[in-house]
1. Label points 7 Å out from Cα along the Cβ direction at residue 385 and residue 13: separation in nm?
2. Report the net charge of residues surrounding residue 713, where surrounding means a beta-carbon distance below 12 angstrom and charges are Lys +1, Arg +1, Asp -1, Glu -1.
3. Mind ordering 33-43, 477-487, 266-276 by average Cβ neighbours within 10 Å, highest first?
4. Counting Lys and Arg as +1 and Asp and Glu as -1, what is the net charge of the other residues whose Cβ lies under 12 Å from the Cβ of residue 553?
5. Between segment 210-229 and segment 56-107, how many Å separate their Cα centres?
6. Sorted by mean Cβ packing within 10 Å, highest first, what order do the peptides 668-675, 407-414, 769-776 take?
7. Computed FRET efficiency, Cβ-Cβ of residue 667 and residue 256, R0 35 Å: what is it to the nearest 0.05?
8. What percent antiparallel are the DSSP beta bridges of the chain, to the nearest 5?
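The values are calculated or read from the model by the stated rules, or taken from the named source; none is laboratory data. Remember, predicted model here, so these are calculated numbers, not experimental data. Cβ atoms come from the backbone with ideal geometry, glycine included; neighbour counts cover every protein chain shown. These area figures cover heavy atoms from the full protein model, side chains too; ligands, DNA and RNA do not enter into them. Shrake-Rupley method; radii C 1.70, N 1.55, O 1.52, S 1.80 Å.
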Amino acid sequence: MSRSRHNALLYRIAALALLALAFFLRVYRLGEKNIWWDEGWTVWMAKHDFAWIALRTASDEHPPLHYWLMNIWQTVFGADVFTGRFFSVIFGALLVAIIYRLGKEIGGARLGLLAALFLALSRFQIWWAQDIKNYTLSAFFAWVSVWCVWQITARRRPTADGRRQLLFWLGYILATFLALFSHYLAALLVLANNVFVGIVLISSWRRGEKIFPSLLKWSLAQVAVVILFLPWLCLYLQNGATWSAAPTFDFGLFLRLAATVLALGVTTYIENYTFIVLGSLAIAALSVGWMARRQTTADSLTSRSSSVVRHSSLAWATLYMLFIAFIPPALIYLLSLTPAAIFAPKIQARYLMMLTPALSLLLALGVLFVAENTRGRVGKIVTVALVLFIVAAQIFTLRDYFRERILRDEYATLSQMLNNFAFSDDAIVLNTDQEYPTFLYYLERDFDWIGVPNGAPVNAETVARIAAQTASHNAVWVVTIPDALQKDPQRLVEQKIAERLPKQYEQNFGDKRLTLYASAQRNVQDAPRENFSPLAARDAVLDERLKLVGVDLPLREAFGGDVVSVVTYWQAQDLTTINLSLQKQNGEIVARAAIPISIGARERAEGALQIPPDATGGELRVIAQARLNSLPLGIIQVLPRENAPSSADGTTSQARRERFGEHIALVGVNLPTRNFRAGESVPLTLFWQADAPLQTSYTVFAHLLGEQYNPAQNNFLWGQVDQIPVEGRFPTNAWSPRQIIVDAYQIKLDERAPAGAYKIEIGLYDANGTRLRVFDADGNDLGDALIAGEIQVGN
């Protein structure tokens, strides 16, 4: 085998290995993250027929192609979260293949491999390849069009294969249309394509070449794309909603966000990555060196010298990628400034996702420039160092990304109550409908559901509408989420339903609550045969009179302090007690619950088992035991929780001694001392300590109460933050006794807040909205909230 063939084989093997790496990273922990609003919306939309989807998306912000394809995909493979996300994985991996091919066409296999490596490791690409959205689909087609543009411009020579050139023209037209039909913002890459082709043609014209045939072909290709897209565009213009102006976004912040997202795929705390981002951008900037070479910039893509053609190709490719990296973000920002438009997008980091291949290619071009323009051992060391820097930066951010992919029992156990015990003619009221696509994903049957609007406080009109919509039902299930604690704190919706239907059942599921109002008593212990649908069917005999027939255990991983909900279903011929427990491998029981059950065919027994807060790792076995016999139900992998923030010396600026409930103490507060203006954020740090393990996860509220009435809120509230302590990362049930928890907040003042004194009010409440009582050091009851301090707001 010749050396050239040997190298070609090695490059091919390396390319396949990178494609396998890209696929692995995109499928790794694919299902280990709860479905979110947009994904639930996509799954719900895709359940409808093509015509319904078309009419619905005609008044939405996305075209219908992805929903249509998902409709086919779900029909064939199912609508679970792993399967839905796998569709995006396919196109995410194919995008890496396209970038390899494009890089190889531009500057050889080494450039293609480097670009593919950087894109395979791209956190932002992996993120959206693990999401049931249209981004990888649109990005794939957009970059197929870029590849076709490169082939068209590179093959503008008399000796070019006419048949193959025709295929690239047709490929460009089809790929561009499909990209636009997947996401409207693909139009920004289309614009970058046109700018690049225009500059190529102008360059050729200045050298005296005939450009009219190429200009005509390019123009006809754009016309063909418009003709293909025109029917949909007409339907959209007839039905599309008017876009309002997007919220203002600081230009400097936008630049920092765009740079961080493209380089690292990080969207939060971007200030922590400044130096890594600057280093990555500096390497990408080295690619401009190809444009600075005189022999490259002086020649065109059509020169016959192989050396000059390659250098020219690298220079033009650098310019092309710079157009793609800079033109779309600039237009996204300018569009967001328009007062109203057909499409006025808000600044969203994910809109930059389809641009990350451009940065991967620029990084590869920068590394290649150093490799080919520095000689000797030093050049090799520098080249390897640059590659290692880029790879290390990507792996560093990927570690945090995968660590955050943890399943939570957000709606699974709650929805299983409805799947197993709700009748087909029951109604479901979502109070509020803030998360309705997520909730609907977990329902296995179609129910008549009504949403309480989440955009404003519940009023008499809303209550009357909900009552009217549920009037024909003899049973109404109410799902209450945390948003209802603010929008409907007095439970007006449930009060109205209870006027007609008595309450038959109520249970908390984490921070949510499920209540049944029905005209007749309902059995919520023995699941009807026609409804029975456990997450895992079982047929395990414990003894001759007791058999396990099903288990709901939605979690496979949990942190110390988490409460794991375990639901079992039993065929019982007499009364008994089911003991559910979490056990270490040596048999030591760390949590247990005893649940009595009655005689029934599918008796439900649920236990809430709390993992010890100080648990740092290992496996816990979930065991069911009755009558001296036991059955394994599953295994929970305990994950180490990150350390809670703590002060270096345990001191605070202001010591406090108030207690919240029986076991939580406020031991200190850091209060701001300067004056503020309306619209600013007020910093506040609370220092908590528990004297015993807590089984309940409480939410902290921090209010800014003014002297003047706020008509928009119907109270004196001018700023508010409600969250699980430490930004949701360290709930109260994960606190260890005597551990000091440093809990920081930024409370944004209302833009219309008048000047004057404002009190800082704090407290804690549970999933039902019930606040903990506050006591001073002497045990005096201070109410259900504490005034922790005061600030001044000026004009």
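1. Label at residue 385, label at residue 13, 3.1 nm between them.
2. Numbers: positive: 487, 752; negative: 750.
Taking every Cβ under 12 Å from that of residue 713, the sum is +1.
3. So the peptides 33-43, 477-487, 266-276, ranked by packing, come out 477-487, 33-43, 266-276.
4. Local charge sum for residue 553: -1.
5. 27
6. Numbers: 668-675: 14.9, 407-414: 20.8, 769-776: 17.0.
The densest-packed peptide leads the list: 407-414, 769-776, 668-675.
7. 0.45
8. Numbers: 103 of 118 bridges.
Of the beta bridges lying entirely in the chain, close to 85 percent run antiparallel.
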